[in-house]
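Notes follow the structure.
The values are calculated or read from the model by the stated rules, or taken from the named source; none is laboratory data. The structure displayed is predicted, hence computed values, not measured ones. When we count neighbours, we look across all protein chains shown, and the Cβ atoms used for this are built from the backbone with ideal geometry, even at glycine. For the accessible areas, the whole protein counts, side chains as well, though only heavy atoms, and no ligand, DNA or RNA atoms are used. Shrake-Rupley method; radii C 1.70, N 1.55, O 1.52, S 1.80 Å.
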Amino acid sequence: MTRSFALFIIGLAFGGGIGFVLAAANGVTLDGHVHVGGRPLDHSDVNGDSRIGHDHYEMLDLAGSNAPTLEIQVKADPVDGWNLHVMTTGFAFSPVNAGRAHVPGEGHAHVHVNGRKIARLYGPWMHIGALPEGRAEIRVTLNANDHRLLSVDGVPVEARVLLGQ
């Protein structure tokens, strides 16, 4: 029995290692997306349902008069980290419709630190933990329910704050 258990553990180790090597060789990362050329692939037609597919780089261009506005404030939290306040007009956070079809005037936000997406935001407030040493750029984008980046005349609806030196 001891030998069988040892062989089982060795098999798991080799199988897991081979799986990770194959995944990495095919562009699969641990962020839940398949990447090709540095950007995630579109997730269209997952399980035969194109409504749940999305491409983080596709934009939904809005007419200027119907475009939402976005401002952000980032303040040090009295205990630790930072508090992000997202202020919008012409836009309502709609967590129940995330991943569904676009509905004008609603969606969610994506929060990035130094160019790396750290969260989806379904409301106006968020706590951000410790930031990298030195300069840190907080960027927030407004996104449609189907995850497309909202834009006006090809310019993303986003706000940025630079913290640190």
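Below is a table of values for the structure above.
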| read-out | value |
| --- | --- |
| Count of residues meeting criterion [among the small types (G, A, S), assigned to a strand (DSSP E or B) and closer than 25 Å to A63 by Cα] in the stretch 105-124 | 2 |
| Given (1) modelled with pLDDT under 95; (2) assigned to a strand (DSSP E or B), number of the condition H127 does not satisfy | (1) |
| Output for the stretch 64-77, where each listed residue is small (G, A, S) and either open to solvent by 60 Å² or more (accessible area, probe 1.4 Å) or not in a loop (DSSP other than H, G, I, E, B) (or both) | G64, S65, A76 |
| Test result for H102, farther than 23 Å from S65 by Cβ, of a type outside the set (A, V, I, L, M), touching a residue at least 24 places away in the same chain (Cβ under 8 Å) and not in a strand (DSSP E or B) | no |
| Only one of V140, V96, V103 that is out of contact with any Ser or Thr (no Cβ under 9 Å at 6 or more places or on another chain) and open to solvent by 50 Å² or more (accessible area, probe 1.4 Å) | V96 |
| Flag for D80 being surrounded by fewer than 18 Cβ atoms within 10 Å (Cβ to Cβ), charged (D, E, K, R) and closer than 17 Å to N66 by Cα | no |
| Condition met for T88 (in a strand (DSSP E or B), among the β-branched types (V, I, T), open to solvent by 20 Å² or more (accessible area, probe 1.4 Å) and closer than 25 Å to D61 by Cβ) | yes |
| Matching residues in the stretch 106-116 - criterion: being of a type outside the set (V, I, T) and either on the phi > 0 side of the Ramachandran plot or surrounded by 14 or more Cβ atoms within 10 Å (Cβ to Cβ) (or both) | E106, G107, H108, A109, H110, H112, N114, G115 |
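Residues are listed down the side, and each one gets a yes or a no for (1) closer than 26 Å to G164 by Cβ; (2) of a type outside the set (D, E); (3) at pLDDT 95 or above; (4) over 15 Å from the mean Cα position of the chain (by Cα):
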residue: G53; (1), (2), (3), (4): no, yes, no, no
residue: K75; (1), (2), (3), (4): yes, yes, yes, yes
residue: W82; (1), (2), (3), (4): yes, yes, yes, yes
residue: R120; (1), (2), (3), (4): yes, yes, yes, no
